[in-house]
Structures are given as C-alpha cells and as structure tokens.
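First the structure, in the form of structure tokens, and then the observations on it.
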Amino acid sequence: MSAPNQGALMDVDEAQIDEGLYSRQFLAKNVILAGVKSVTVYDPEPVQIQDLSSQFFLREDDLGKPRAEAAISRLAELNTYVFVRNLGGDPGQPITVDLVKGFQVVVLVNAPLERQLVINDWTHQNGVHFIAAGTHGLFGHAFNDFGPKFTLQRGKDAVVTCLDETRHGLEDGDFVTFSEVQGAVELNGCEPRKVSVKGPYTFSIGDTTAFGNYKTGGIFTQVKMPKVLEFKSLRDSLKAPDFWITDFAKFDRPATLHAGFQSLWQFYSERQRFPRPRNVEDAAILVSFAKKIDADADEKVLTELSYQASGDLAPVNAVIGGLVAQEVLKACSAKFHPVVQFTYFDSLESLPSPLPCEADCQPTSTRYDGQVAVFGKTFQEKIFNHRQFLVGAGAIGCEMLKNWSLIGLGSGPNGAIYVTDLDTIEKSNLNRQFLFRAKDLGNFKSVVAAAAVTEMNPDLKGHIHGRQDTVGPDTENIYGESFFAGLDGVTNALDNALYMDQRCVFFKKPLLESGTLGTKGNTQVVIPHLTESYATSQDPPERETPSCTVKNFPNAIQHCIEWSRTEFDNLFVKPPQSVNSYLSESGYLENALKYSGQQKEQIEQIASYLVKDRPITFEQCIVWARLQFEEKYNNAIRQLLFSLPKDAVTNSGQPFWSSPKRAPDPLTFDSSDPTHLQFIISAANLHAFNYGLRGETDPTIFRKVADSVVVPEFTPRSGVKVQVNENEPVDSSGTDTTDPGELAKSLPPPSSFAGFRLNPVETKQIAGKIIPAIATTTSLIVGLVCLELYKAIDGKNKLEDYKNGFVNLALPFFGFSEPIAAKKNKYGTTEWTLWDRFEFKDDPTLKEIITWFKKEHKLDISMVSQGVSMLWSSFIGKKKSEERLPMRFSALVEHVTKKPVPAHVTHFVVEVMATDEEDEDVEVPFIVVRK
C-alpha cells in the first residue's frame, strides 16, 4: 500500500496556494488548467507500481522516483502560463507548518488526520484557506475551512427587465439597482436597494419620496451582495460537523462516514497500514472504533469502508478532484459559494454482484492493485475485455479516455476502445482538453488522444483505435450493424445525443450520456429494456427571444448576437446550400414550390447567388459587402424610423420608444471607421470563400473600392407595418406577387453549371451559445459517468442500481435520481416498450407483412412508411395498391423513393399505423424488415 500523502502547494496573484498531490494528480491538473499563477506540489514518497492505477502523469520508468519529482514536468506542460514547482523533501518527511507558510490555500490529500489537525490549527489562526480531501475505493471525502470570516464578493447577475407579463423572478431580500429611469433619476446607478416582492410582476424597493417624479422607462439589475461565512476549524468541526449532502437518498450516510473516516485514520495510526481488502478481522476493529464515536453509525457501510480502505479508483478520484479543485478556485477568487464544510461521497452501488471474496482482492504487484482491492480480479477481467465506443475526443472525451486507461478498460485479449472525432486540435483546445499539447496542433484529436492514453497505460497498445469519421446517417456504412454487434456499450461525448440514442436503442446497447455547461453538468444512463431513452427525457427547448424583438427592437447584447447569427446564416450559409441543392438534387425546385413557405425568396436567392450577383473578381465581393452594409445598417433602420418615428406614441398615448425599446440611428458608412471597414473586410472575404475566390486583407484595397461604390438612393416606403409583437401578423404589403413558378422557369438549367458548386461557410462555434468546458466540472462529470460504466459492465438489471446525476459546482449542488423506467405501452393484451420491435427476415412482400399483423395480432394496417417516404396507405387507390402489395420490401422502397438501396443497407426501419378490432387506433412498436 502506498504511504499516505504528507501534503502539497500553489500561487494565485501575489499569494500562493498549497495544492495536495499524493496519488491525486487530477486535483493539480484541474487547478493548473484553470490558470492560477503558480502551483507548488509536495510529495517526496517513491513511486510504486500500484500508483499507476490513478496517477496518470507517472510511468513505469518512474518507479522508485519521488512522486512529485516524477510528475512535475508533465504537470508543467498543462499550462505554460502557470508556474509549477516541486517543494522537494525526503521520503517519510511529513508536511509541516513551516513548509506551508506564505501560501494562500493549503490542500492536503490523504494526509493522516493528526497532520490535518496540526496544519489546520495554524491555517485557521493565520487566515490561510485550508482543504483536506481523500479517497478510499468507492468512498471520498473533503473538508473546507476558509477561516472564521470568509467574504463572498459581490457579483452581478444577468440584467432582468420587466416587460408586459414577464415575471421578475426576484425573492424577498434580493437587492437591485437601476438604469435608464426617466424622472426619478436618483435610482440610476443607486446603491443596491432591498426588494420586497408584491407579486410575480411587481416588487417594492422602499421609500422613494425624496426622489423626482417617475416618468417612464427603467431597467433593474439584480445584485449579489457580499456575504460573510464563518468556518470552524477541523478540530471543532470533528465534534460539531456541518455536512454538505451529496445524495439526498443517503441522507444519514454522512454521519456514518464522519465516524468511519476518523476511525480509518485511528486504525492507520495504530497499525501503520490501512485495513486489508475484504478482511473481516480488520473490519471489526474499524467498526468498533467508529461505534465509540457514533453508536448509530451504519455497520454495513463501515464494513465496506474498511474493505475498500486500500482501494484506489480513478473515477472516484476524478469526482473528488473536480469538486475540490473548484473549491480551491473559490478560495482564491471568493466567487461562488463554497462547501460548508464536510463532504462525504460514495458509490457503493458500483460494486459488482456477487461481491468479491478476500482472496479475489489480494494485490499481485500490478498497476491495477488499487482497483482489484475493491472489485476483485474476476471483475477486473470483465473490465479488461469490455468493448466500448467513445464518440468525441474533446474535453469530456479526453477525460473519459484518461479514466478508461487507468482502469484498464478494453486492454484485455478481447477488449477494445474505439474513439472517433473528425476535429483537429486547435490552440483554444489546450486549456481544457488536457491530452493535447502545442506540438499536436493541426492533428486529429482522436489519434492524438489514443496515443496519449496508450503512453499512460501501454496495455492499451493495439486495443484502442482512433478514427476520424463523423457518426451520423452518412456513415452508417461504417458504423453499421456489424460494428455495433462488436460493442458492449457506447459513450457519447459530442452534441449528437439524439442520433446516438436512436442507434443505441435500435442495436440495444447501453448508452452513457453526459454534458457540461460551465460549472453545471449532468449524466444519464440508457440501459436496454430497463430505462427510457435519451430522446424521451430531453430538456424542453430554451425559451427563444421573439423574432420581432431581435429584428426591430433589440435591447440586450443577446438579441444583437442572435440577430448577427441569423444574418450570418442568411448571407453565407443558406444561399450556397440552396444553390448546391438546386444544381445537384433532381426535383429540388418542385419540392420547394410544393412544401416551402418561402418559395419566392428561395428562388430569388438562387437566381441572385448563381447568376445575377455572382462575383467573378474579389473586387466585386467588396462592392457586394459595401451594399450589404448600406442595406443592413442604413436603409433598414431608416425604414423602421419612417414607420415608427422617434416621437411615435402607442394607442394609450405613451411614447412608443420607451424602455426597453431603444430607437436606433442609421449608420453612414465611413471607411476610416475601423468597425465599418472590418465589416467590409469580413463580409467580402466570406463571400469570396463561398465562390472559391482568393481573398485579401490589405485595408487600403478595401477602402479604395468601398469608397468608389455608387450606392443607390434609398426612399422609405409608406404603409409598411412593423411587427411589434409575436401575436401580430407579419406585414406583407408591397410584396411582389410574381408567381414563383414563373420565376423558377427563368433559372438556368442545372446542366449548364455542371461541376459548379458553392462553399457554404461552416462555423465551429455558435455565437452566444458556447460556454467553454472547464476542467473541474468535466473531471467530476466524467468520474460519475465511469461509476455508471462499472455498473453497465457488471450487467446490473435493476433500475435502482443506476443513477442519473446533475451538479452545479457554483452553488454547490449535487442531485441524483434513479433513471426513469421505459414507458409501457399496450395494444390488446400485449405490453411493449421502446426497446421492443417486430422483425421480418428474408425481404418479405408488403402483403405478407400486412397479413401477418392481421393473423397474429388482429390488427389492420392502414399506412406503412420508411424514413420520409410513405410506401403504402389504404387510400392510395386500387391500382397502386395492386402494384405495391406484392413487391418485395426492398423493391418497394426503391420503387417509391426512386433511388437504389445502398449496398451496405441490410435492413429497413418501418413505422405503421394500425387499428384494432374495434377500429380504434393503436400504437405499436417499429418494424425491422431485413433484406
């Protein structure tokens, strides 16, 4: 068993943070990636083979070297802006008060309790923030002491404006300040005023009789006021603990573990070792110690703590490491509410069934001894021979692969890891996707990530396969039935959850889904025949800003971002896509005329981008950009102000342009204005990219051409009605009534543009929607996913064995719940869930399928569809029915779609409409028809 850690260190601004390392490099890694000023580590103990089960910056070549010394260079590579140093020390030398003096935050990881008390006594008295943390098998703990008076700094929430029928969302005791108030101007920029809520749309702010008379307008901003927290020392907290609950289904667990962890260190102090894996005698001693501290402590939980005391699991380390690293950042910044004060965590549900015996958990001097001590060798073999597919090698994907390499996933004779990601590594990835370094820029993420984790654990060599294929309908020839047949499960780490969910439901494979959003994160497990799918439980769509607000009355930066995103698509993405579809898809125009609600606009767009305004030179792109500037920032605004002048009033006589509406001002183009010129440069280059023309960056060229453009005179049109709210119809007065069909005839035939295609601009990030992944949340969420992976490997088949999770490290908050069971549907006496389906083999005829339903289930089929095609219905007419019913199914699909079935397609997913004997509509599972 590795010796317990004695401590470690880190620098933020002018002060320093002491960050505990021991076998917990996940903690140092997360804080370094966060970008603090410096990190100092202390761990002079020699590297042992079992350290490799969780210390991902140690290699077999490091055996015998001091841990901190061996890891320091790899830690320093994570972030070149963070100074990382080793404090040195000799093996067996404990961390002392003298060593931690001068640091802002001290973190001890798996340090003996008596060391924690000595160090904390000094930090509590001297204003130094203190954190202690550790893990033992499936158990983890942390303790915060940020001093007797820790002040959370003031920070502003988002601006909230009370509009008609918009709730303010405030609570009694909140504080607000104001801006843009007319009349009672004393409120603008006032000191935060305390709120008393009167209703969902109204609140009072105290006496304002000394202010001027209120006239109109005003925006309020909620303000977070400073808050002072009083932390107790560790010595006092052991006697009177404050628990932060991580799982409300285990409400009484913290009290048991509070006694258990104290007893664990008492056991170590007396015997200089931890209890042996699954040893009954050692467990009895630990239980007796704990019962003296808390007579009501749960003996079964205490026994498991003893059994797992020498265990070391990468996923639990990742959970505690992510949590504690965020607490370190809170201590440095006083931003976000810290944990008060003890955290106890466990995932006993991850134990295999049946439980391992003592002999099965004995160490054999391998890198997996820390995991074997918890799960046993038998279950370790299952982990070795598991076959998992990881979709995505970004922030979550990198963290996932790191954990998988440490636990030995897929490294056995029959094991495999497949990881795919079509993205290449960019500079912006380096601060949160920790497997990548500057030397990797431009290379494929999946290949570099696979190589990096193989270096961590050479046992993966030949078992991990990096691919660059996207996963979607276009690659089902690659990721098809034979590929999924060779998998045990799928982990999704990309924003294509719905598609992967659909594939996992079809192929009946467990799916592990997760995501992060800043300090928030969630996990979800989808288990065949047990849980609902991801698609049936996804979050409702976000409330969108009314389009009329975005277009005409933006009053927040989000509205401007949304407007720019729409304009970007309308100028550089959608038109080239429409042109390409017209040139390459037979029947595209006919479908557009039949189904689209904007037929005329689409056809005019195609004509403009393909013929009328198609540029031949880059100079023409500059002219186009100059005219776009005039239209977007001058003409459109002048038309708006012509229809709604700045002195316009509402029906009630109130000024129309009152807060939050702001009357805009048209822009007059000035090539000497850097913002104006940058629009021309960007728009011209993007337009040139669409047409494959070579761009330019010299501002002189853009000024010269833009200033020479003759801009047509604009005259505002009378009678244009502006849409003020979503309930009003969009004005169509003055709309050209030209028949779209006649316009379509004027387009040149696609054959005259053989081989010609435009290049739609692809955006990697959507403005206003991207919140970068942060290492702390990513680490914690991936740890939780891997704890569920253990359960999936074990094949657990009870709903209560699994947990979906939601966390918010800023609050902080952990929430766990059982997955929702797959909904049971019924027709007649037959029950079914989304995991059920009807299967037909040997390419039957449509008539055979319909007859089978009538004979076997007494159901009449009235419609059959596959994909977007309706193959047959009871109302298509006698002639078509007689033609289609005898057809083999694959022939029927080709006949209706007028496309050959691709060679890789082995089956069709079919949906039917059915009625029972009472002529009532019934819902039935989907159908799989095999060729």
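Summary table below
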{"read-out": "For region 53-59, 3J(HN,Hα) per residue [Karplus equation, 6.51 cos²θ - 1.76 cosθ + 1.60, θ = phi - 60°, Hz, x = Gly/Pro]", "value": "6, 9, 9, 6, 9, 10, 10"}
{"read-out": "Antiparallel %, DSSP beta bridges [both residues in the chain], to 5", "value": "70 percent"}
{"read-out": "Cα pair distances exceeding 21 angstrom across region 173-329, given as percent", "value": "65 percent"}
{"read-out": "Viscosity 0.692 mPa s, temperature 37 °C, Stokes-Einstein D of region 236-381 from Kirkwood C-alpha radius, µm²/s", "value": "199 µm²/s"}
{"read-out": "Proximal aspartates and glutamates to Lys445, defined as alpha-carbon separation beneath 15 angstrom and excluding residues fewer than eight positions away on the same chain", "value": "Glu399, Asp421, Asp423, Glu426, Asp469"}
{"read-out": "Volume per residue that the Cα convex hull of region 291-364 spans, once the total is divided by residue count, Å³", "value": "149 Å³"}
{"read-out": "Angle in degrees between helix 25-34 and the longest Cα principal axis of the chain, rounded to the nearest 10", "value": "40 degrees"}
{"read-out": "For the chain, convex hull of alpha carbons as volume per residue, Å³", "value": "232 Å³"}
{"read-out": "Region 32-99 - percent of accessible surface contributed by carbon and sulfur, probe 1.4 Å", "value": "50 percent"}
{"read-out": "Heavy-atom accessible area per residue - region 599-652, 1.4 Å, Å²", "value": "53 Å²"}
{"read-out": "Solvent-accessible area of Glu180 with every protein chain in place, 1.4 Å probe, in Å² to the nearest 10", "value": "80 Å²"}
{"read-out": "Relative contact order %, region 621-716, counting alpha carbon pairs below 8 Å whose residues are six or more apart", "value": "39 percent"}
{"read-out": "Surface per residue (accessible, 1.4 Å probe) for region 59-122, Å²", "value": "45 Å²"}
{"read-out": "Of Pro900, Ser862, Thr845, farthest towards positive along the dipole that unit charges on Lys, Arg, Asp, Glu beta carbons give region 822-931", "value": "Pro900"}
{"read-out": "Phi to ³J(HN,Hα) by Karplus 6.51 cos²θ - 1.76 cosθ + 1.60 over region 708-714, Hz, x for Gly, Pro", "value": "8, 6, 8, 8, x, 5, 10"}
{"read-out": "Length-normalised contact order of the chain in % [C-alpha pairs under 8 Å, at least 6 apart]", "value": "11 percent"}
{"read-out": "Residues whose placed amide H lies under 5 Å from that of Val39, excluding near-sequence neighbours", "value": "Asp11, Phe83, Val84, Arg85"}
{"read-out": "Ratio Rg/Rh, restricted to region 97-145 and using Cα atoms, in which Rh is the Kirkwood radius", "value": "0.99"}
{"read-out": "Using distinct alpha-carbon pairs, which all enter the 1/r mean, Kirkwood radius of region 594-702 in Å", "value": "16.7 Å"}
{"read-out": "Solvent-accessible surface ranking, highest first, for Lys791, Lys823 at 1.4 angstrom", "value": "Lys823, Lys791"}
{"read-out": "Solvent exposure, largest accessible area first (probe 1.4 Å, DNA, RNA and ligands not counted), of Leu323, Leu693", "value": "Leu693, Leu323"}
{"read-out": "The chain: angle of helix 253-271 to the longest principal axis, Cα-based, in degrees nearest 10", "value": "40 degrees"}
{"read-out": "Zero-based 10 Å bins, Cα pair distances in region 454-578, whole percents", "value": "10, 26, 28, 22, 12, 2, 0"}
{"read-out": "Size of electric dipole in region 173-274: Cβ of Lys, Arg +1 and of Asp, Glu -1, about Cα centre, debye, nearest 20", "value": "400 debye"}
{"read-out": "Value of relative contact order over region 168-302, rounded to a whole percent, pairs C-alpha under 8 Å and six or more apart", "value": "19 percent"}
{"read-out": "Qualifying aspartates and glutamates (Cα of each under 12 Å from Cα of Lys291; at least 8 residues distant if same chain)", "value": "Glu299"}
{"read-out": "Fraction of accessible area attributable to carbon and sulfur, region 463-577 (%, probe 1.4 Å)", "value": "49 percent"}
{"read-out": "Span from the region 399-467 Cα centroid across to the region 86-143 one, whole angstrom", "value": "33 Å"}
{"read-out": "When each of Lys600/Lys899; Lys803/Lys824; Lys427/Lys551 is checked by Cα-Cα distance, pairs over 30 Å", "value": "Lys427/Lys551"}
{"read-out": "Carbon and sulfur %, accessible surface of region 264-346 computed with the full protein complex present, 1.4 Å", "value": "51 percent"}
{"read-out": "Burial ranking of peptide ranges 340-347, 359-366 (average Cβ count within 10 Å, highest at the top)", "value": "340-347, 359-366"}
{"read-out": "Count, lysine Cα pairs under 29 Å in region 194-278, 8 or more residues apart or across chains", "value": "11"}
{"read-out": "Nearest 10 degrees, 0 to 90: helix 557-568 Cα axis against the chain principal axis", "value": "50 degrees"}
{"read-out": "Rg over Rh [alpha-carbon atoms, Kirkwood Rh] for region 777-894", "value": "1.21"}
{"read-out": "Bins of 5 Å from zero: percent of alpha-carbon pairs in region 644-716", "value": "3, 12, 16, 15, 12, 11, 10, 9, 7, 4, 1, 0"}
{"read-out": "Whole-angstrom gap from region 627-657 to region 791-837, using each part's C-alpha centre", "value": "53 Å"}
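The values are calculated or read from the model by the stated rules, or taken from the named source; none is laboratory data. All values reported here derive from a predicted model rather than from experimental measurement. Every residue, glycine among them, receives a Cβ derived from its backbone with ideal geometry; neighbour counts consider all protein chains shown. For the accessible areas, the whole protein counts, side chains as well, though only heavy atoms, and no ligand, DNA or RNA atoms are used. Shrake-Rupley method; radii C 1.70, N 1.55, O 1.52, S 1.80 Å.
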